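Here's the structure we're looking at; comments come further down.
The values are calculated or read from the model by the stated rules, or taken from the named source; none is laboratory data. Keep in mind it's a predicted model, so treat the numbers as computed, not measured. No Cβ is skipped: glycine too gets one built from the backbone with ideal geometry, and neighbour counts run over all protein chains shown. Surface areas here come from the heavy atoms of the whole protein model, side chains and all, with no ligands, DNA or RNA. Shrake-Rupley method; radii C 1.70, N 1.55, O 1.52, S 1.80 Å.
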Amino acid sequence: MQNNILLLTDSYKLSHYKQYPSGTSHIYSYFESRGGKFEQVTFFGLQYLLKEYLAGEVVTQAKIDQAAKLYAAHFGSETLFNREGWEYILEKYQGRLPIRIKAVAEGAVIPTHHVLMTVENTDPKCYWLSNFLETLLVQLWYPCTVATTSKAVRSLILSYLEKTGDPSLIDFKLHDFGFRGVSSVESAGVGGAAHLVNFMGTDTVMALTFIQEYYQPDSMFGFSIPAAEHSTITSWKQEGELDAYRNMLDQYPEGLVAVVSDSYDVYHACEKLWGEALKEKILARNGTLVVRPDSGVPKDVVLKVTEILGEKIGYTINEKGYKVLVPQIRVIQGDGVNYESIGEILENLATNGWSADNITFGMGGALLQKVHRDTQKFAFKCSCATVDGQDRLVFKDPITDHGKKSKKGRLKLIFKDNEYHTVNLDEEGEDLLVTVFENGEILKDYTFDEVKGNSL
């Protein structure tokens, strides 16, 4: 049922084909961010929706019959379902959707309030189809919002690295911890991939398979390291905490390894266990131990842990005048991490003379789950309707909320005078919207390498 395009919509869409003016032949709609938390959005995820749900022969007689039966029971009437329209698509187009979709490049970073995608029917008898697909296509809000949030965090961390440390470290400064916190396996794949547009660290394995399936990467784009969880530490019991930590160093004698250290007293662990009992073992490793506090007020705990580790194990002063722990030791904060707390942590470290080089962040729910369509106010609206052969400029402008005013006409996105502009299609300027889908065929297939390149 999830692969039946006739069912991937809102119930009220079923009745809309009867509601357009007589003589309607084309419905043209667009997708945009009407503002929100961040001033720019990263466009990502359309290719997945096209490949998974829209491309190829998606309408069959069996799917039509299934939908007719379900909707008859759902509405208590057999008269609402547009069987004739769907059977027309089946017969004339062999089940391929007579729709044209144009969009900005996947990975592109575009200011809010600009057109990102347009949708229109290519057959006048299928005017009703354009906005029937709104429900599915608006789910673009999710990967776009995750990619946008991740991009904003990247910019934030990078600003502190430029001020206090080494900007080349940015790719691994935000790690995706979100798989367990999302609503579905599909969300993990979609959202996890959106994060990897900006960073290279993840524990969301579904993101890797998602990218491989839908974006044909030339190489691996998500990486992780061995790490402890509380059960692998507390199973040694409190009196065996030192042995648990020693075991981690023995099991992973080289490379990066992360160890959660707040099972009992994170400050004692840093000072006495890591900082004294295991200090020489840490310094002798060909690699880096990453200590993970996992509770408390993030900005305060991170600073105190960093200061203890610096005092006990060592630090240097970089060329920018900030303290950097010796290469064998670093800190990762994975609890209570969001855009705001990352800024607080980095600012507190910098104020106290510590470089952003010392800290990596693990972000879960705030990255993949604590977002919604209104985080960036995404909307899909009709802007042009062709009736009796004449285009009508279609828009709304609610007196109660002018922020929901929609655009008019057929649109394109241009870049002029170092700024993006959404203008009418007949105005001058190269259209940055590219036809990616037409009549059931995908016309532009982005690799993940291209997506990442477009996001820079």
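For the chain, what is the mean residue ellipticity at 222 nm derived from helices alone (per DSSP H run of n ≥ 4: -39500 (n - 2.57); sum divided by total residues; nearest 500 deg cm²/dmol)?
After summing the helix terms and dividing by the residues of the chain, the value is -9500 deg cm²/dmol.
Taking H placed 1.01 Å from N in the peptide plane, check which residues at least 5 places from Phe378 or on another chain put their amide H under 5 Å from its amide H.
Arg34
Once the other residues with Cβ under 13 Å from the Cβ of Ile233 are scored (Lys, Arg +1; Asp, Glu -1), what is the net sum?
Neighbour charge sum, excluding Ile233 itself: -4.
Check Ala258: other-chain or 5+ apart residues with amide H under 5 Å from its amide H, H built from backbone geometry?
For Ala258, the qualifying residues are Ala227, Ala228, Val290.
How much length would be gained if the chain were fully extended between Glu276 and Glu87, taking 0.36 nm per residue of separation minus their Cα-Cα distance, in nm to one decimal?
60.5 nm
Could you give the length gained on full extension between Glu213 and Lys51, defined as 0.36 nm per residue of separation minus the Cα-Cα distance, in nm?
57.4 nm
Given a 1.4 Å probe, how much area per residue of the chain is accessible, in Å²?
Using a 1.4 Å probe on heavy atoms only, each residue of the chain averages 44 Å².
Only loop residues by DSSP count here, and only those with at most 15 other Cβ atoms within 10 Å; note down the trypsin sites (Lys or Arg not before Pro) in the stretch 157-262 that meet that.
Lys237
Along Cα→Cβ, 7 Å out, is where each label goes; now give me the distance between the ones at Gln238 and Tyr264 in nm to one decimal.
According to this spin-label approximation, the distance is 0.6 nm.
Given labels modelled 7 Å from the Cα in the Cβ direction, how far is it in nm from Asp401 to Val326?
Each label point lies 7 Å from its Cα, and together they span 5.8 nm.
How far is helix 141-164 tilted, in degrees, relative to the longest principal axis of the Cα atoms in the chain, given as a value from 0 to 90 rounded to the nearest 10?
40 degrees
Taking every pair of alpha-carbon atoms in the stretch 149-299, give the share separated by more than 24 Å as a whole percent.
So the pairs more than 24 Å apart make up 46 percent of the total in the stretch 149-299.
Cα-Cα over 25 Å: which of Lys173/Lys370; Lys18/Lys51; Lys13/Lys37; Lys279/Lys323?
In this structure, Lys18/Lys51; Lys13/Lys37 lie more than 25 Å apart at Cα.
For the stretch 360-374, what does the Karplus curve 6.51 cos²θ - 1.76 cosθ + 1.60, with θ = phi - 60°, yield as ³J(HN,Hα) per residue in whole Hz, taken in order and with x for Gly and Pro?
10, 10, x, 10, x, x, 5, 8, 9, 10, 7, 9, 8, 4, 7
I'd like the accessible area for Glu450, computed on protein heavy atoms only with a 1.4 Å probe and all protein chains in place. Round to 10 Å², please.
In the full protein context, Glu450 sits at about 70 Å².
Can you list the aspartates and glutamates whose alpha carbon sits under 12 Å from that of Lys63, skipping same-chain ones fewer than 8 residues off?
Glu87
For Lys452, give me every one of the aspartates and glutamates with a C-alpha distance below 16 angstrom, ignoring sequence neighbours fewer than eight places off in its own chain.
Cross-link targets: Glu106, Asp171, Asp218.
Mind pulling the angle between the C-alpha long axis of helix 83-93 and the longest principal axis of the chain? Nearest 10 degrees, somewhere in 0 to 90.
80 degrees
Rank-order 124-133, 55-64 by packing density, defined as the average count of other C-beta atoms within 10 Å over each peptide's residues, highest first.
124-133, 55-64
To the nearest 0.05, how large is the calculated FRET efficiency for Glu430 and Glu39 if R₀ is 22 Å and r is the Cβ-Cβ distance?
For Glu430 and Glu39, the calculated efficiency is 0.40.
About the Cα centre of the stretch 60-106, how large is the charge dipole given +1 on each Lys and Arg Cβ and -1 on each Asp and Glu Cβ? Please answer in debye to the nearest 20.
Value, rounded to 20: 180 debye.
Relative to the compact-globule scaling 2.2 N^0.38 Å, provide the ratio for the alpha-carbon radius of gyration of the stretch 341-453.
So the Cα radius of gyration is 1.63 times the expected 2.2 N^0.38 Å.
Mind listing the phi-derived Karplus ³J(HN,Hα) values for the stretch 24-34, rounded to whole Hz, using 6.51, -1.76 and 1.60 with θ = phi - 60°, and x for any glycine or proline?
Each residue of the stretch 24-34 in turn: 5, 10, 9, 10, 10, 10, 9, 10, 8, 9, 8 Hz.
Mind pulling the angle between the C-alpha long axis of helix 298-313 and the longest principal axis of the chain? Nearest 10 degrees, somewhere in 0 to 90.
Compared with the principal axis, the helix lies near 40 degrees.
Between Ala62 and Asp417, with labels modelled 7 Å along Cα→Cβ, what's the label distance in nm to one decimal, could you check?
5.8 nm
Under 20 Å from the Cα of Lys304, which aspartates and glutamates turn up, not counting those fewer than eight places away in the same chain?
Asp262, Asp265, Glu271, Glu276, Asp294, Asp335, Glu340, Glu344, Glu347, Asp357
Taking amide hydrogens as modeled 1.01 Å from N in the peptide plane, which residues meet the under 5 Å criterion relative to Gly165, leaving out close sequence neighbours?
HN-HN under 5 Å from Gly165: Ala356.
Using only the alpha-carbon atoms of the stretch 1-133 as identical scatterers, what base-10 log of I(q)/I(0) does the Debye formula give at q = 0.10, 0.14 Å⁻¹?
Those come out to -0.38, -0.71, one per q.
Compute the FRET efficiency between Val205 and Gln2 as 1/(1 + (r/R0)^6), taking r as their Cβ-Cβ distance and R0 = 22 Å, and round to the nearest 0.05.
0.50
Between Gln390 and Ser11, take the C-beta separation as r, use R0 = 30 Å, and let me know the FRET efficiency to the nearest 0.05.
My answer for the efficiency is 0.45.
How long are the three semi-axes of the equivalent ellipsoid for the stretch 229-287, computed from the Cα gyration tensor as the root of 5 times each eigenvalue, in whole Å, largest first?
Semi-axes (√(5λ), whole Å): 18, 13, 9.
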